[in-house]
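Novice: Quick one: the structure is below, and I'll ask about it shortly.
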Amino acid sequence: MNFANKQVLIIEDQRPFLLLLRGLLNAMGASKVVTKATAEQSISECKKNKFDVILCDLHLGVNKKNGFELIEELRARKLIKPTCIFIIISADSARPVVLGSLERSPDDYLIKPFSHAQLKTRIVRAWQKRKFLTPVFRAVADDDLPTAKKACEKLLDAPSHYKGSCEKLLVEIYWQLNEPKPALDLLSKYGDGRPIMWAQIALAKTHLLMKQPQQAIRIIDGVLAKHRFSADAHDILAQAHDMLQEGTLALDAIKTSIKLSPFSLERHFIACTIAQNNDDYVLASESSKAIWDLSKRSVHHNTMHWCGYIRSLLDVAEHTDEKSVKNRYQQEALLELQRARFDEYLQRLSSNFSIDIYNDIVQARLNAIDGKMLDAKKSIVRSQVAIEEKFGEVPPIFLPDSLKVMYDIGEFEEAQELNQIVEKIPHTLDPNGLYLIKKKG
């Protein structure tokens, strides 16, 4: 690898280590090295320049976008080219942090301290691998999955050291194309229990996608016998047990997964679904809060996630028999609404949102929970009038909660009108909102 013609970006908020990294890259022959202290600065830089190598520290300041949030955003917004390698660097070797980083699929993860030789070896190794797989990454970046599939299948026939990586990519492409059968065929050679962890987990996930939960559980039990700290394995186990309506086992598995690796939005959405399916509304509220917290500074930021958290608090209040628990969760929902009025970040997230209107909808639901149906009707009518005056058409963000209240107070005709809107725009709602609509509709 020739470092002389490579553009390198280093993101590190600790200046002494930033200077050290720049010196190491210069010693490797890199002369085009840009340094930034924050993720926000690096995003601006990536809009202007296309880098070949990015080295990023995981922690970039309190309440600021971190390394794995940055890699997600750069890839989602296509601010880095498919050939760019992204390496996360951290002094934090705690399992949840490492797993949370690896789940974002950086090209490597390097724990401080490390030597000049280690850094160079990791960069070169990642570069060679990405260079070999570039035709696939280019097609994926262009959202052309059929071409990515063909490119991957072609590379599999070529001699290389990256056969496993190529198979893994191809399986993921099959999943995205909703083609689990070819994925199963590709993975079938690993069905005899060959000790390749990613392949065993992928095989189990493929069985799950094919609605074969018993086969998935059999494989995952074997994986966990050797790798009990695999969060992905516990995810699949949880979903398989949920599919078999084995609620206690499903809840135990997803709680274990979250404990192992709590920094995954997808995992918390899975947890919400399993919790809601099994009436564990406290777990659903905990994961809804995690979804909001994890999404705030990421490319996944969405006001719907905040509304989902409020909604989950009200779910606990509605379904508990203990008055003290009911009051506590209702008060927490009201406190979140009050805090939101001073949260400029939240209010900037969406132009199709009004905290005042949402407050009326929440008040309507609180009244319904307390059995004050007349007050609930007044609040929901007031909110719908305000929505029509301010937005004309109902923004999707207000639909789940509005429908919930309308069904609770028996306004079925008005609810049906909103349901017709939902049928046209299901893709704009988050999983929690869709769940509430499906349950009440």
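Novice: Kindly provide the set of residues from the stretch 81-106 that are charged (D, E, K, R) and under 9 Å from residue 58 (Cβ atoms), ordered by number.
Specialist: Answer for the stretch 81-106, where residues must be charged (D, E, K, R) and under 9 Å from residue 58 (Cβ atoms): just 92.
Novice: For residue 214, are the conditions met, namely being within 21 Å of residue 432 (Cα to Cα), polar (S, T, N, Q) and not assigned by TED's automatic domain parsing to the domain that holds residue 397?
Specialist: Spelling it out, it is not the case that residue 214 is within 21 Å of residue 432 (Cα to Cα), polar (S, T, N, Q) and not assigned by TED's automatic domain parsing to the domain that holds residue 397.
Novice: Taking residue 248 as the residue in question, decide whether it is at pLDDT 95 or above and over 20 Å from residue 180 (Cα atoms).
Specialist: The answer is yes for residue 248.
Novice: Take the stretch 135-184 and flag every residue that is over 23 Å from residue 125 (Cα atoms), among the basic types (Lys, Arg) and surrounded by fewer than 16 Cβ atoms within 10 Å (Cβ to Cβ).
Specialist: Selection gives 150, 181.
Novice: Out of 156, 169, 177, 187, I need the residue that is more than 19 Å from residue 138 (Cα to Cα) and not aromatic (Phe, Trp, Tyr). Which one?
Specialist: 187 is the lone residue from the list that is more than 19 Å from residue 138 (Cα to Cα) and not aromatic (Phe, Trp, Tyr).
Novice: Is at least one residue of the stretch 44-64 without any contact (Cβ under 8 Å) to a residue 60 or more places away in the chain, β-branched (Val, Ile, Thr), assigned to a strand (DSSP E or B) and touching a Gly at 6+ places or on another chain (Cβ under 6 Å)?
Specialist: no
Novice: I've got another one for you. Any residue at all in the stretch 182-194 that's outside any loop (DSSP other than H, G, I, E, B), touching a residue at least 12 places away in the same chain (Cβ under 8 Å), in the same structural domain as residue 232 (by TED's automatic domain parsing) and among the basic types (Lys, Arg)?
Specialist: no
Novice: Exactly one condition in (1) at pLDDT below 95; (2) surrounded by 15 or more Cβ atoms within 10 Å (Cβ to Cβ) is false for residue 203; which is it?
Specialist: Here residue 203 meets the rest and fails (1).
Novice: Take residues that are surrounded by fewer than 20 Cβ atoms within 10 Å (Cβ to Cβ) and not assigned by TED's automatic domain parsing to the domain that holds residue 437 and tell me which of the helices (runs of 4 or more DSSP H) falling wholly in the stretch 279-386 contain 3 or more.
Specialist: Answer list for the stretch 279-386: none.
Novice: Turning to a different aspect of this structure: Which of the residues spanning the stretch 36-50 are surrounded by fewer than 17 Cβ atoms within 10 Å (Cβ to Cβ), out of contact with any Lys or Arg (no Cβ under 7 Å at 6 or more places or on another chain) and of a type outside the set (S, T, N, Q)?
Specialist: Across the stretch 36-50, the qualifying residues are 47, 48.
Novice: Is it the case that residue 264 is closer than 16 Å to residue 289 by Cβ, in contact (Cβ under 8 Å) with a residue 24 or more places away in the chain and small (Gly, Ala, Ser)?
Specialist: Taking the combined requirement at face value, the residue satisfies it.
Novice: So, in the stretch 115-131, how many residues would count as being without any contact (Cβ under 8 Å) to a residue 60 or more places away in the chain and either surrounded by 17 or more Cβ atoms within 10 Å (Cβ to Cβ) or in a helix (DSSP H, G or I) (or both)?
Specialist: Residues in the stretch 115-131 being without any contact (Cβ under 8 Å) to a residue 60 or more places away in the chain and either surrounded by 17 or more Cβ atoms within 10 Å (Cβ to Cβ) or in a helix (DSSP H, G or I) (or both): 9 in total.
Novice: Same structure again: Among (1) touching a Leu at 6+ places or on another chain (Cβ under 6 Å); (2) not polar (S, T, N, Q); (3) not in a helix (DSSP H, G or I), where does residue 136 come up short?
Specialist: So residue 136 meets the others, but not (3).
Novice: Mind listing whichever residues of the stretch 387-416 are surrounded by 15 or more Cβ atoms within 10 Å (Cβ to Cβ), under 18 Å from residue 429 (Cα atoms) and either among the acidic types (Asp, Glu) or not assigned by TED's automatic domain parsing to the domain that holds residue 335 (or both)?
Specialist: The one that is surrounded by 15 or more Cβ atoms within 10 Å (Cβ to Cβ), under 18 Å from residue 429 (Cα atoms) and either among the acidic types (Asp, Glu) or not assigned by TED's automatic domain parsing to the domain that holds residue 335 (or both): 401.
Novice: Quick test of your reading of the structure: residue 197 fulfils all but one of (1) surrounded by 17 or more Cβ atoms within 10 Å (Cβ to Cβ); (2) among the hydrophobic types (A, V, I, L, M, F, W, C); (3) within 24 Å of residue 97 (Cβ to Cβ). Name the failing condition by number.
Specialist: Looking at each condition in turn, residue 197 falls short on (1).
Novice: Right, residue 423: of a type outside the set (A, V, I, L, M, F, W, C), surrounded by 14 or more Cβ atoms within 10 Å (Cβ to Cβ), at pLDDT below 90 and in a helix (DSSP H, G or I) or not?
Specialist: No; evaluated as a whole, the condition is false for this residue.
Novice: Condition test on residue 53, is it surrounded by 21 or more Cβ atoms within 10 Å (Cβ to Cβ) and closer than 21 Å to residue 113 by Cβ?
Specialist: Taking the combined requirement at face value, the residue satisfies it.
Novice: Based on this model, can you work out whether residue 401 counts as over 31 Å from the mean Cα position of the chain (by Cα) and modelled with pLDDT of 90 or more?
Specialist: For residue 401, the condition - over 31 Å from the mean Cα position of the chain (by Cα) and modelled with pLDDT of 90 or more - is not met.
Novice: Looking at residue 194, is it modelled with pLDDT of 95 or more and of a type outside the set (Ser, Thr, Tyr)?
Specialist: Considered against the rule, which asks whether it is modelled with pLDDT of 95 or more and of a type outside the set (Ser, Thr, Tyr), residue 194 comes out as no.
Novice: A follow-up question, please. Find the residue count for the stretch 81-106, including only residues that are of a type outside the set (D, E, K, R) and assigned to a helix (DSSP H, G or I).
Specialist: The number of residues fulfilling the criteria is 7.
The values are calculated or read from the model by the stated rules, or taken from the named source; none is laboratory data. Nothing here was measured: the structure is a model prediction, and the numbers come from that model. FYI the Cβ positions are ideal-geometry reconstructions off the backbone, even for glycines, and counts take in every protein chain you see.
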